[in-house]
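**Q** One structure, as structure tokens, below. Some questions next.
The values are calculated or read from the model by the stated rules, or taken from the named source; none is laboratory data. As the structure is a prediction and not an experimental result, all values here were calculated from the model. Accessible surface areas use protein heavy atoms only, side chains included; no ligands, DNA or RNA. Shrake-Rupley method; radii C 1.70, N 1.55, O 1.52, S 1.80 Å.
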Amino acid sequence: MIEAARHHRALVLAAPPGSGKTTRVPPALLASGLLDPAHPGVVLLQPRRVAARAAAARIAEEQGWALGGVVGYQIRFERRVGPATRLRVETEGILNRRLLGDPY
């Protein structure tokens, strides 16, 4: 997957449930060196608030990171991100709000 990302700007990843699309791919992208140094972050969308919290906690646990450190989440009325956060798990509503506030 990382090798394909090196050669293509956009990818569609299709895999069965439980294969690690949510918990393994985003940290692998962070570690790969593919991200622009000016914008070194990854946004992972989750449809529900509970799913966003759970995904961020699972990624932090699997990678040995502190929640709110390298990985964090933002949902309505709750935010656990910090200055070192590079992987942000959020709901579509939060992303829409951020895009309306700053479309660039």
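**Q** Given a 1.4 angstrom probe, I'd like the percentage of the accessible area of the chain that is carbon and sulfur, rounded to a whole number.
**A** 54 percent
**Q** Once amide H atoms are placed 1.01 Å from N in the peptide plane, what residues at a sequence separation of 5 or more from Gln46, or on another chain, have their amide H within under 5 Å of its amide H?
**A** Amide H to amide H, under 5 Å and 5 or more residues apart or across chains, Gln46 pairs with Glu90, Thr91, Glu92.
**Q** Ignoring ligands, DNA and RNA, what accessible area per residue does the range 39-104 give at 1.4 Å, in Å²?
**A** 65 Å²
**Q** Sort Glu92, Glu61 from largest to smallest accessible area, using a 1.4 Å probe on the heavy atoms of the protein chains.
**A** Glu61, Glu92
**Q** If you take log10 I(q)/I(0) by the Debye sum over Cα atoms at q = 0.17, 0.22 Å⁻¹ from the coordinates, which of (1) -0.83, -1.33; (2) -0.83, -1.20; (3) -1.14, -1.52 do you get?
**A** Derived directly from the coordinates: (1).
**Q** Quick one: which residues, 5+ away or cross-chain, put their amide H under 5 Å from the amide H of Ile75? H built at 1.01 Å from N.
**A** Counting only residues 5 or more places away or on other chains, the set is Arg80.
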